[in-house]
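Below is one structure; the comments refer to it alone.
Bear in mind that the values in this text are calculations on the coordinates, not laboratory data. Computed from a predicted model, the values in this text were never measured in an experiment. Don't worry about glycine lacking a Cβ; one is built from the backbone with ideal geometry, like all the others, and counts go over all protein chains shown.
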Amino acid sequence: MKTLFIRISGVLLVIVALASSCKKTLFPAGINTDPNASTKDRLLPNVLLPGAQYSIAYTVGGDVSRFTSVFIQSVRGSARQFKAYDQYVFTAQDFDNCWSNFYTQGLNDLFTLKELAAQKGYSHYSGIAKVLLAYHIGLATDLWGDVPYSQAFRGDSSVLEPKYDKQQDVYDSVFSLLSSAITDLGAAKGLVEPGADDFIYGGTLSKWIKLAYSLEARFYLHLSKVDNTYADKALAAAAQGFASNSDNAAVPFFDDGTEANPWYQYVTQRGDISYDNGYLYQLMTAKSDPRLNSYFDLAGNGIGDAIGAYNAPVSLMTYSELMFIQAEAHSAKGDGQETTAYNTAVTASFNALGLDGTAYLTANPLIGADHATRLPTIITQKYVALFSEPEPFMDWKRTGIPSLTPTTGANIPRRFIYVQAELDHNGKNVPSGLTLYSKSWWDQ
Amino acid sequence: MRKALMLLAVLVICTTLAFSQVKTITGRIVDQSGAPVPFVTIHIKESKQTVSADAEGGFAIKAEPSQTLVITGTGFATKEIKVGDQTSLTIQMSKKESNLTEVVVTALGIKQEKKALGYATQQVSGASLVQADATNTLSGLGGKVAGLQISSSTGTPGAATYMRLRGVTSLVAGQPLIVVDGVPIDNSNTGVSLGNVAQSNRAIDINPDDIENVSVIKGPAAATMYGTQGSDGVILITTKRGGKARSGNRFDITYSANFTFDEVNKLPELQMKYSQGYNGLYNAPNSSASGRRLTWGALIDTLKWDGVATEWDPHGSIVGASNPAGKTKVVPYNNAKQFFRTAFSQTHNLSLSGGNDFSSYRFSFSNLASSGIIPVSSFNRTTFLVSGDTRLSDKLKTGATVNYIVSGGNRVQEGSNTSGIMLGLMRTPTTFDNSNGVSDPKNTKAFLLSDGNQRTFRGEGSRSGGKYDNPYWTINRNPFRDKVQRILANAYLSYDPYSWLNITERIGVDHYGDDRFQSFAISSNGHPTGQIDYTDISNTIYNNDLLVTMTHNLTDDLKGTLLLGNNLYFTEYNQNNLEGDGYVAPDYYSLANTSSQLASNSYQRTSRLAFNAQAKFDYKGYLFVDGGIRAEKSSTFISYAVPYPSFVYFPSAGASFIFSDAFNMTSKAFSYGKLRFSYGQAGRLPGIYGTTNTFAGTSVVGLADGWTSGISFPINGQQAVFGNGLGNANLKPERTSSIDIGTELRFLENRLGLDVTYYVSKSHDLLLSVPISPSSGYGSYYTNGASMENHGLEVVLNATPVKAGDFRWDMNINWSFNRSKVTALAPGVSTYTITGFTGALIENIVGQPYGIVYGTDFLRDSKGNLIVSDGQDGTPAGYPIAGTNSIRIGNPNPKWIGGWQNTFSYKGFTLGALFETKQKFDVWNGTKGAMTYFGTAKVTENRGTSYTFQGVLGHADDNGNAVVTGGANKTPVLLDQSWYSDYIGNSFTGPAAQSVEDGTYVRLREVSLGYTFNTKSWGTHNFIKSLTVTAIGRNLWLHTKYSGVDPDTGLGGSAGLGIDYFNNPGTRTFGFNVKVGL
């Protein structure tokens, strides 16, 4: 028995010694890392920025535009699923694509870009990322209410169930992002600078700074019901915002294949939307608005070239909107400067389409002794000028203008409902008891 | 005192030496009938000296009179005989009818006596494989192993064969591991697709004629020694080695040739009564009517040809019978029948082997040239094999094998592919002749118009949009070629420094390069501007095993064996893809002729270190107990958190009790009884790169919104990436634990044998991509979490019902069933897609068997009755209503499978027949569903007839749920174009469930009649030592209710069986084989 034991141990030792030594040869570094995949440490800002911009553009110009336009009846749903949407029949799954594109594409890319830029000292990229992040998360909270932000985008640190931040806190983050962005955009050049990868401004930093201020103005305006200093804040920011149509922030599209505008793709591949029974169409017809044929093409695809040509850009914010913000703020202050702002706003909208708005402006002037009388004109003209953008929906929530009749029931939706993917996988954090019609913090 | 003892010792030794009379003993080994027994082993009990008998049973050995010769041979009882005074011996050995001392190859190439095994194994001889299928070794196993389900992907040459051994133990079914001479080899089926060509599985490179035998190791209990590769079972292949030549030869030469013909064995039925067109009107191919896509036209009886030949039809254009221009009655074409041809294949095998007491060698060369029933399709294979074994000394043995293979062929497009052969063929209206009257499939008149556009029933390419390639166009203009060059080599050294210790070192390599070329000519429907693809694959496996075996007699009755092993396993895989789009000049198939190019690369490398330890105890030769453990470290666990992986462990234990020997129960009626039990764990590694988070471009991640096709990068030369999936730094291996209980019984002097096994296995920690909340920034997370269960029964029956004089009837029956169930996926995940089409997916669903068919059905009430519309929801009254939810609509897993082999032998004649059946399994016949929409299916021949749908009256409410409003439906409605094509009476636009069919079949898988000539009687100068001629047939008879092609078909790869969507048809084969031994 002893000999057997010795024999066995001897052989065992030999084997173990022989085979277990070469750890590094057997398992060299990087063996389980795909040489062809982009991992976070291999990313450059110029692949994150285009993705973020197009994800924003395709979603904002897609689902966000269609749903909000149906809510405020600038278009109507006529067939299949859109007929149900027109009657406010929505399920949590209907917003899944939108939320998923926001969070896993646009927002995640921007957050990753912001961190990468901070780590490598690319201040200008950091600034751009912050501006777009503010725009995007601001839009998310405007649409849904409380949304995850402070704990979001940290899946690679195993934070798989982020908590939902209060809308007020998200707004604080938005303003802090924008002011920090303005600082970054003014800082010194980094080793890598935005250029052709920036489809909005081609790397022109002065325009990004103006966009940051313009967005500040927009978000201050949203607080018209909860912050009584909103008008001053909005005007202060607007003063350094866009100066003309050449500062408009928009993402371009290029061909009628895989680089086509989202409205174009929707009307050619799907349809299901009607225009002439919408409030907007009827309003513009009643006013003989020269912009009608740019917006609608009833003989063709339905949607006009300004919004739905295959190479029509998707607008993030325009000079016209900034002027409308100023008009409303001046009007609220009653300082008499609202008329100039209003006129500039309407003219800018026409000029952007290559049209002359003089006659229209004469027929639709801003008159009124007080803010309450003037506001409907301002907001209604803004509703027309900003067709297809989500902003008129925000205006309607704040002001109730235009005055619309619900297609069914007593109320028009005021938000997107929380999505199925969140209910399924982050259910414990999703705020409960909210519906399509619930009001959020600034929507009073 | 010491000195005296020394002197005494020397004296004794000298005396012994003086008395030693080492002499040469010669002899012959014969069996009970006096016939020589070749190749048995003779060794001297007292020393290690061993010789083997030659082909005539002759041997020569040096021995002393006091020594004992021990003669052992497979199938014979061990014989011991004292040398004594004789110098020439004739030793008679008694044959055992069945293999009680049968030695089988088990895990790691270790040969063990079958009686010692606690788990179930089954053997198939190489000869049986060659008889079954000269091309694909795995096909030859069909119907021969209980629990092994063999499925064919399709009948084209070189098409893959898939195996499932005892059910599936992972969310995406794997394949049993294939080991050749102790070295695991690659059996991948790279490039499987729902709409491309049928690729091969790489085991097709092995020449069945080089195989000695196959040992199937079933279940993890047996495969624990292979750890993370063993959870689907192991197929151990042993190749032929050399041996002593036949008497009179220095070496043996064997030549065999196979000549066979293949024909289509089954096709979907086409209607031949109605013409191309729509709404009962004929629409010509070159018309602009959109109805020319379909076959809902006029009754052919009412149509005539006008006799003015055109490029569309040599008989002229079609007009109404009453039209004065009409000359002759239109005769419908059978495009399918005239397209498939009888194909001829031949195989030649030449081998040379020889050896002596110390060494043996074998060379073999083979060439297979097979053509397919589809013109142009082919598969060829040439193999060279050299093997040698030699005894360097009493203690040292070495050997090596090198096998070089070149294989490949011309493959044809299939499946969901507008260039697919069946898709184009089955949608062609019966009034259009794809061949345009020419018989040579290469004649361009069939598929080319004079203006250079493709000639199809849909009309010119530029006008129709969304057409299908004429099958003659596809075979001539859309080629696919592949060429594999492969080398399998291994070498071993076996060292016995002491009688109780053996050290074996075996090193092996499997390397192949697989070069694929594919081209679509300009005007091909899927790629109208043309496309060229090159795919270059390089795959290498290195495997090294170091095994130490120690035996010791612990007591007189108890023998112990300890096995220790070390394994190193490395793989490296590289794939380069080159794609060129947009040919500039026609008929110039080169990347240089393309307007844009795309390139991509995929690279994977893994390494694995493992240790095995196993202890076996043998008590009195009738009770065996063993236990073992395997420890593995694999590179696919490496992550930023885990730079070096730790060991994962897989245990096993088993016992085998031959109660017939223990209790001395043997009698004439009952000769052998064994009970066996085994338990084991095996597993599967996480996929490569599963631990990292990656970002990917829009070609992987997409940028769309669920309504539209979306956009893709690059845009203006800029790229974009988005977060793809979250990796997991803390992955665990998948594990399957199983228990195996069985019994083996032999009766009536081994004329009847029964082997029954029952097994239960539970798989857990299965890996899957789990969706997570998008606000984390990612959409999914790769993690362990799912679980599955399997249980089943296997029965093997061997019998010799008749044995009278020269006549003998042997019978073998294999029967088994397996039940699988997905018990959990992940929190919030109730379905997991394997493959399939939207509306007819192969899915894993919690609570269901593995891989069910998941799709839409007609609306039914809570009892499963069909809802027949009452018209209240706007749907046509009297017809079924489409359901909106997907549900289980079919189960592709068979209820049971079996094979029944009969062999009759009389003097030199042998007649064999193998019936195989697969019972109660579903196939989604998407081909028929689509053909119904198009109006080409035979079932639409009854268009215009009246039918009452069996169901209850009702409708769908606003949420799509069924509302029953009345009793049984009694209203007849018309079955016509508006139901079959315009509405939901087909699974192309309507619910998928109506195309699910039972694929149950019984087939005559193999039949052979052979005659072995008595070459001995041909004279002493005759150099032909053996000659056998055999007539063979495969798949000659098939009985099934399935209405499509041969139901043994699968488009979805080995993991997604159950889909028939324009799969190419199966074949029946007949021919003969000649085998000559020189």
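Things worth noting here:
- A:ALA309 sits among other residues whose Cβ lies under 12 Å from its own Cβ, and their net charge, with Lys and Arg +1 and Asp and Glu -1, is -4.
- Each pair of Cα atoms in the stretch B:558-689 enters the Kirkwood radius, and Stokes-Einstein at 25 °C and 0.890 mPa s then converts it into a translational diffusion coefficient of 121 µm²/s.
- For the stretch B:277-338, a/c is less than 1.5, where a ≥ b ≥ c are the root eigenvalues of the C-alpha gyration tensor. That puts it in the rounded class.
- Under-5 Å amide H pairs with B:ASP31, H placed in peptide plane, nonlocal only: B:VAL37, B:MET93
- Span-rule helices in chain A, defined as complete DSSP H runs reaching 30 Å or more along the axis (Cα) with Kyte mean at least 0.5: A:123-144
- Net charge, A:THR112 excluded, C-beta distance under 10 Å - Lys, Arg +1, Asp, Glu -1: -1
- Restraint check, B:LYS620/B:LYS674; B:LYS23/B:LYS45; B:LYS115/B:LYS821; B:LYS732/B:LYS895, Cα-Cα greater than 22 Å: B:LYS115/B:LYS821; B:LYS732/B:LYS895
- Relative contact order of the stretch A:160-231, pairs being alpha-carbon contacts under 8 Å that are 6 or more residues apart, as %: 26
- Helix B:2-19 vs. chain B, principal-axis angle (Cα, 0 to 90°, nearest 10): 70
- Each of A:TYR171, A:HIS124, A:ALA239 was placed along the dipole of the stretch A:121-280 (beta-carbon charges, centred on the mean Cα), and the one lying farthest toward the positive end is A:ALA239.
- Where labels lie 7 Å past Cα in the beta-carbon direction, separation of B:ASN443 and B:LEU1009 in nm: 3.8
- In order along the stretch B:909-918, the phi-based Karplus estimate (6.51 cos²θ - 1.76 cosθ + 1.60, θ = phi - 60°) of 3J(HN,Hα) comes to 8, 9, 10, x, 9, 10, 9, 10, 9, 10 Hz; Gly and Pro are listed as x.
- Cα centroids of the stretch A:370-417 and the stretch B:256-273: 70 Å apart.
- Within straight-line cross-link reach of A:LYS40, lysines at Cα separation under 18 Å, skipping those fewer than 8 residues along the same chain: A:LYS114, A:LYS120
- Local electrostatic count, B:ALA804, Cβ distance below 14 Å [Lys/Arg +1, Asp/Glu -1]: +2
- For chain B, the 222 nm mean residue ellipticity estimated from helices alone, with every DSSP H stretch of n ≥ 4 adding -39500 (n - 2.57) and the total spread over all residues, rounds to -1500 deg cm²/dmol.
- Separation of the stretch B:695-713 and the stretch B:149-223, taken as the distance between their Cα centroids, equals 35 angstrom.
- Values of log10 I(q)/I(0), in the order q = 0.27, 0.28, 0.29 Å⁻¹, for the stretch B:493-557 under a Debye, Cα-only, solvent-free model: -1.06, -1.08, -1.11
- If only the Cβ of Lys and Arg carry +1 and only the Cβ of Asp and Glu carry -1, the dipole of the stretch B:277-338 around its Cα centre is close to 120 debye.
- Rounded to the nearest Hz, the phi-derived 3J(HN,Hα) couplings of the stretch B:299-305 under the Karplus curve 6.51 cos²θ - 1.76 cosθ + 1.60 (θ = phi - 60°) are 5, 4, 4, 9, 10, 9, 8, where x marks glycine and proline.
- Mean separation of Cα contacts under 8 Å (6+ apart) over length of chain B, as relative contact order %: 10
- Taking 0.36 nm per residue of separation and subtracting the Cα-Cα distance, full extension of the segment from B:PHE384 to B:PHE261 would add 41.8 nm.
- For chain A, the relative contact order works out to 20 percent when only alpha carbon pairs closer than 8 Å and six or more residues apart are counted.
- Within the straight-line cut-off of under 18 Å between alpha carbons, none of the lysines are reachable from B:LYS863, sequence neighbours fewer than 8 places apart in one chain being disregarded.
- q = 0.04, 0.06, 0.08, 0.09 Å⁻¹, chain B: log10 I(q)/I(0) [Debye, one scatterer per Cα]: -0.25, -0.54, -0.93, -1.14
- In terms of its C-alpha gyration tensor, the stretch A:47-425 has a rounded overall shape, because the principal axis ratio a/c (a ≥ b ≥ c, square roots of the eigenvalues) stays below 1.5.
- For the protein assembly as shown, share of DSSP beta bridges that run antiparallel, in % to the nearest 5: 95
- The coefficient of translational diffusion for the protein assembly as shown, derived via Stokes-Einstein from the alpha carbon Kirkwood radius under 25 °C and 0.890 mPa s, stands at 65 µm²/s.
- For the protein assembly as shown, the residue among A:SER331, B:SER359, B:THR302 whose Cα projects farthest onto the positive side of the dipole built from Cβ charges is B:SER359.
- Antiparallel content of DSSP bridges confined to chain B, in %, to 5: 95
- Of all lysines in the structure, the ones whose alpha carbon falls short of 24 Å from that of B:LYS304, not counting any fewer than 8 places away in one chain, are B:LYS273, B:LYS327, B:LYS329, B:LYS337, B:LYS445, B:LYS938.
- From the alpha carbon centroid of the stretch B:836-877 to that of the stretch B:551-609 is 41 Å.
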